[in-house]
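Rule-based calculations on the coordinates, nothing more; no lab input. Bear in mind that the values here come from a model prediction, so they are computed numbers and not experimental data. Don't worry about glycine lacking a Cβ; one is built from the backbone with ideal geometry, like all the others, and counts go over all protein chains shown.
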Amino acid sequence: MIKYFSNNNSFIVLLIPVFVVLHMMLDYYFPTFTTSIIGQENLWNLDFYAIGTMNSRILAVIFICVNAILLNFVFNSLSFFDKFIYLPSILYVLMVFLFPISLRFGEDLVGHLFFILSFYQLLSIQQNEDARNNAFLSALFLGAAATFLPMYSIFFLIIWFGLYTIRPFVFREYILPLFGFIFPFLWVVLVNPFFFEEMFSFNSYLSHTHVGDFVIYVAYLIVVIMALLANKKILERRIKSSIRYKRIISVTLVSLLFGAGISTLILLIYDTYFYFTVVLVILPFILPYAFLNVKRKWIPNTLFYLLIALNVLKFFY
């Protein structure tokens, strides 16, 4: 399976919705991997629990598939690799499956969509071209993501870091993102005048009901090992790569470390790992390198299939 996703076989994208639907069917027939979530943090005062079960499942399938395909588009269009591949899509899907949010539509999946759009605009900035439009749009989409999950607000610093890394300093390019980021909140205030008090409450808790911690911890460990293998390959690739690649991969790695670091801090302070969901849209830009042009393919391949096995096992554990 990996070799098909590692090549330019566009038809393989058709398997993405198939996998997502199969995952939903497993939950329907073996509802062990259920979700326990306390708190909804979207600033629009939307109640996602009010959506009927079937409609929620359908929307979840749509958003997961759209996010996966969009991630793949960004990865390929920005030339993260020498040829078109489809590993980002399948890796995103498998990682989302680790969280019960993959079974119901919620603010997380909407936040993922807007963050991907924001990240695409940021990494599309060129060294010798006016970046005002990209910087503004990146902040606008990030602001939209933050209205659904306020934690995304912290990534505004990444926009400034990206500008600093990719472009010479232009004062207007640093100011415009502020207006873009604030714009979605001008609409939020119409339905939620006291949204600022809710911005950083961190009151969402997520648990894997009835699923043994062993299954979940092993799955997370697999992702961490794949990330370390990918980072080793990225460091080797940077030596022979273009300046532009070095800059966008630096922004990506810093974003991943920043998101993981903040999520870990929230875990230690608020005792909730719910916020690790924000890094699920950054990891697909990194993890594919664990499978590309490696000598000992059996190591990442084993981890890949083990991840699939755990995503099935969790329904029967």
At a Cα cut-off below 17 Å, give the aspartates and glutamates reachable from Lys3, other chains included and same-chain residues fewer than 8 away excluded. Asp82
Projecting each Cα onto the charge dipole of the range 183-317 (Lys/Arg +1, Asp/Glu -1 at the beta carbon, about the Cα centre), which of Thr302, Phe274, Val312 comes out farthest on the positive side? Thr302
Within the chain, which complete DSSP H helices have Cα atoms spanning at least 18 Å along the helix axis and a mean Kyte-Doolittle hydropathy of -1.0 or higher? 15-29, 53-77, 107-123, 132-148, 171-191, 213-240, 243-270, 298-313
Let's see if you can work this out: charge +1 on each Lys and Arg Cβ, -1 on each Asp and Glu Cβ, no other charges. What is the dipole magnitude of the chain about its Cα centre, in debye to the nearest 20? 1520 debye
Can you spot the lysines whose alpha carbon is less than 17 Å from Lys232's alpha carbon? Ignore those fewer than 8 places along the same chain. Lys240, Lys246, Lys295, Lys297
Give me the one-decimal nm value for the distance between modelled label points at Ser10 and Ile225, 7 Å along each residue's Cα-to-Cβ direction. 3.6 nm
15 Å cut-off, amide nitrogen to a point 7 angstrom out along Ser79 Cα→Cβ, residues in the range 218-256: 238, 240-249
Convex hull volume of the Cα atoms in the range 123-228, per residue, in Å³? 133 Å³
The range 1-86: which trypsin sites (Lys or Arg not before Pro) are DSSP loop and have at most 10 other beta-carbon atoms within 10 angstrom? Lys83
Can you list the aspartates and glutamates whose alpha carbon is less than 19 Å from that of Lys83, not counting same-chain residues fewer than 8 positions off? Glu236
If I compute mean projected area of the Cα convex hull in nm² from the structure I just sent, which labelled value in (1) 20.8; (2) 17.5; (3) 16.0 lines up? (3)
Which whole-percent values make up P(r) of the range 184-286 when all C-alpha to C-alpha distances are grouped in 5 Å steps starting at zero? 2, 10, 14, 17, 16, 14, 10, 9, 6, 2, 0
Which order do the peptides 47-55, 144-152, 221-229 take when ranked by the mean count of other beta-carbon atoms within 10 Å per residue, highest first? 144-152, 221-229, 47-55
